[in-house]
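A short worksheet on the structure shown next.
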Amino acid sequence: MRTSEKLVKYCYIPLFISLISILCNYTWFKSLPLTSVAANTAINNSSSAFTFVLSIMFLREKATAAKVMSVVLCTLGVFLVALDPDSPETPQVLSNSSNVTENKTPNASRFLSITNEEAAGYLLVIISMILNAFYEIVYKRLCNEEEAREDNSSRMELEVLTSDDVKTWKKMEEDREGGEIEEEMDDKNETGTRVFLMAVSEASEFTGLIGIWSLLVWWIFLPIFHVTGLEIFEIPSSSTAVKLLCLMPVLDSSYNFLSLIGISFSSPLFISIGTILTIPASVVADFVFSADIPTWSSAFGMLLITISFVMLTADDFGFVEVFFQKLRRRWVGEKPSYLDRD
């Protein structure tokens, strides 16, 4: 790897992405006291739509009908769960002052009758959602470039083989034909292990570089925000606050690390919709442990989220395309090929 490529990989891109990550988290935290929790959750978890659009633009992802439908169903399901008018009323902070007021308006109608301050909060959460989608797209683009670089290096190694090497390689292939199936399975297992370890290594490296550059460069925001009065810096005075400050970075780093591994194996859209499954999972957990029965609106929204994820998974594995091919042959009367007999 040349020096310029190393600077881009280890300096410029992590420095830029660390800034994107900080702005994403900051805008989301700033939006929380300005918006209703339900509407904030609905907007923030609708990032799959932006992720899908950015994937088409920057990753050249194919916009299939199944993917479009899964994004639409997922977004609709999120809004049905979060803006359920029959859900319990939630206390809500309407300003940054110390006075806390309670929101007695149902979630859906409250979302429609917003103030200027709440509009700014919704704008902040939308910005946070777009930045998070951009963060995932950039990492997937880096993974694709790394894979392309490895393929080119492997291709160059094959091109330098002499004719004697090719003959020797062919003879070795002929000698091991008897145990070809077993060795092929071993090769697949070895390749899978190598790819997994590579994904873990890249995610660890990327997460570590983001943390390093955030610590070395972006600490400058602390004194600037403190002097300007935008954010007053205070030393935590209670043990609970100290514990939360120690726990939150661990949880956030673990979430980012596992998400990056998932993105390297699949796609940002798959991870974006997959993480939204926490909504039906949390509702089911409330029902099991607290006996809280979900409303019909929430139950239908959870069903739509689950269907969208199953549909996206089937499309990624090619099940949807095979299904429509068989359906078309049945209606048209086309004979299936020998490849489709299974």
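What FRET efficiency do you get for SER201 and LEU277 if R0 is 25 Å and r is their Cβ-Cβ distance, rounded to the nearest 0.05? After rounding to 0.05, the efficiency reads 0.40. Cross-link check: pairs LYS62/LYS140; LYS9/LYS67; LYS6/LYS140; LYS67/LYS140 evaluated at a Cα-Cα cut-off of 24 Å; pairs beyond the cut-off: LYS9/LYS67.
Taking θ as phi - 60° and the Karplus parameters 6.51, -1.76 and 1.60, the scalar couplings of segment 294-303 work out to x, 6, 5, 5, 5, 5, 5, x, 4, 5 Hz in sequence order, x denoting glycine and proline. Among the protein heavy atoms, those of VAL288 account for about 100 Å² of accessible surface (1.4 Å probe, every chain in place).
Could you state the accessible area per residue of segment 3-68 in Å², with a 1.4 Å probe and every protein chain left in place?
That works out to 48 Å² per residue.
Sorting the segments 198-210, 231-243, 47-59, 250-262 by their residues' average number of neighbouring beta-carbon atoms within 10 angstrom, most packed first, yields 47-59, 198-210, 250-262, 231-243. Taking amide H atoms as placed 1.01 Å from N in the peptide plane, the amide H of GLU231 lies under 5 Å from those of HIS226, each 5 or more residues away in sequence or on another chain.
Computed from backbone phi, the HN-Hα couplings of segment 197-207 come to 5, 5, 5, 5, 5, 5, 5, 5, 5, 5, 5 Hz, rounded to whole numbers (Karplus: 6.51 cos²θ - 1.76 cosθ + 1.60, θ = phi - 60°; Gly and Pro given as x).
Report the extension gain between HIS226 and THR64 in nm, rounded to one decimal, defined as 0.36 nm multiplied by the number of residues separating them, less their alpha carbon distance. Between HIS226 and THR64, full extension yields 53.5 nm more.
Applied to segment 40-55, the Karplus parametrisation 6.51 cos²θ - 1.76 cosθ + 1.60 on θ = phi - 60° returns per-residue 3J(HN,Hα) values of 4, 5, 5, 5, 5, 8, 8, 5, 4, 5, 5, 4, 5, 5, 5, 5 Hz, with x for Gly and Pro.
The values are calculated or read from the model by the stated rules, or taken from the named source; none is laboratory data. In this text the structure is predicted, and so the values were computed from the model without any measurement. Positions of Cβ are backbone-derived with ideal geometry, glycine not excepted, and every protein chain shown enters the neighbour counts. Ligands, DNA and RNA are excluded from the accessible area calculation, which covers all protein heavy atoms including side chains. Shrake-Rupley method; radii C 1.70, N 1.55, O 1.52, S 1.80 Å.
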